[in-house]
1. Return yes or no: is F59 open to solvent by 80 Å² or more (accessible area, probe 1.4 Å) and under 18 Å from the mean Cα position of the chain (by Cα)?
2. Being closer than 13 Å to N99 by Cβ and not small (G, A, S) is the requirement here; does V12 meet it?
3. Out of the residues in the range 87-122 meeting the condition of being part of a helix (DSSP H, G or I) and open to solvent by 90 Å² or more (accessible area, probe 1.4 Å), tell me which one is nearest to P28 (Cα to Cα).
4. Does W13 meet the test of being closer than 23 Å to H82 by Cα, of a type outside the set (A, V, I, L, M) and either modelled with pLDDT under 90 or open to solvent by 40 Å² or more (accessible area, probe 1.4 Å) (or both)?
5. Any idea which of E55, E45 is more than 21 Å from V110 (Cα to Cα), in a loop (DSSP other than H, G, I, E, B) and acidic (D, E)?
6. Checking A1 against (1) of a type in the set (G, A, S); (2) in contact (Cβ under 8 Å) with a residue 40 or more places away in the chain; (3) open to solvent by 70 Å² or more (accessible area, probe 1.4 Å), only one condition comes out false. Which one?
7. Got at least one residue in the range 21-38 being open to solvent by 70 Å² or more (accessible area, probe 1.4 Å), in contact with a Lys or Arg (Cβ under 6 Å, 6 or more places away or on another chain) and closer than 18 Å to F111 by Cα?
8. Which condition does A78 not pass, out of (1) assigned to a loop (DSSP other than H, G, I, E, B); (2) modelled with pLDDT under 90; (3) open to solvent by 80 Å² or more (accessible area, probe 1.4 Å), if it passes all the others?
Amino acid sequence: AVGLALVMAALVWAGVNPLAYIVLAALPGAALIYVRTYIEHRAAEDPGHRSAVVEAHWFWSLLFLNNNLHAVHHAEPALPWHRLPARYAARKAAVLDRNGGYAPAGYAEVFRRWLLRPREPLAHPFLRREP
């Protein structure tokens with residue numbers, strides 16, 4: 001609450017309408033991050049199958065700093081973000097084999113498949129197993 005109050009005070013001090021900031025910057029920014037984080041991980045028995053590759057348009061890749069190539073990032077976390085696309089292109093078959101083919105064909109597919117339907121059960125899928 002203190003941090004929010006400080007940010008709002010700084011916006012007013014800078015001459016920015018706090019409501020405009022919330023509606024035009026904060027909410028759209030949060031929505032974009034939620035879309036990316038929604039798809040980049042999933043529950044899977046094999047840890048290698050948990051991270052996605054979203055073969056996104058260059059605009060989305062740049063916007064997310066190539067984090068849409070999340071399986072590549074998890075395999076090589078020290079690799080700079082701008083080298084992820086080339087590494088993915090060079091090792092695409094191995095990356096998709098390692099992540100179990102978890103590769104939606106872009107964010108349009110993510111919206112089409114899961115905008116109005118759940119992607120996974122609400123309870124963690126591993127907790128629903130019979131003994």
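The values are calculated or read from the model by the stated rules, or taken from the named source; none is laboratory data. All values derive from a computational prediction rather than experimental measurement. Cβ atoms come from the backbone with ideal geometry, glycine included; neighbour counts cover every protein chain shown. The area values use the complete protein model at the heavy-atom level, side chains included, leaving out ligands, DNA and RNA. Shrake-Rupley method; radii C 1.70, N 1.55, O 1.52, S 1.80 Å.
1. For F59, the condition - open to solvent by 80 Å² or more (accessible area, probe 1.4 Å) and under 18 Å from the mean Cα position of the chain (by Cα) - is met.
2. Criteria not met by V12.
3. Only one residue fits best here, namely F111.
4. no
5. None of the other options fit; the residue is E45.
6. Result: A1 fails condition (2) only.
7. no
8. For A78, the failing item is (2).
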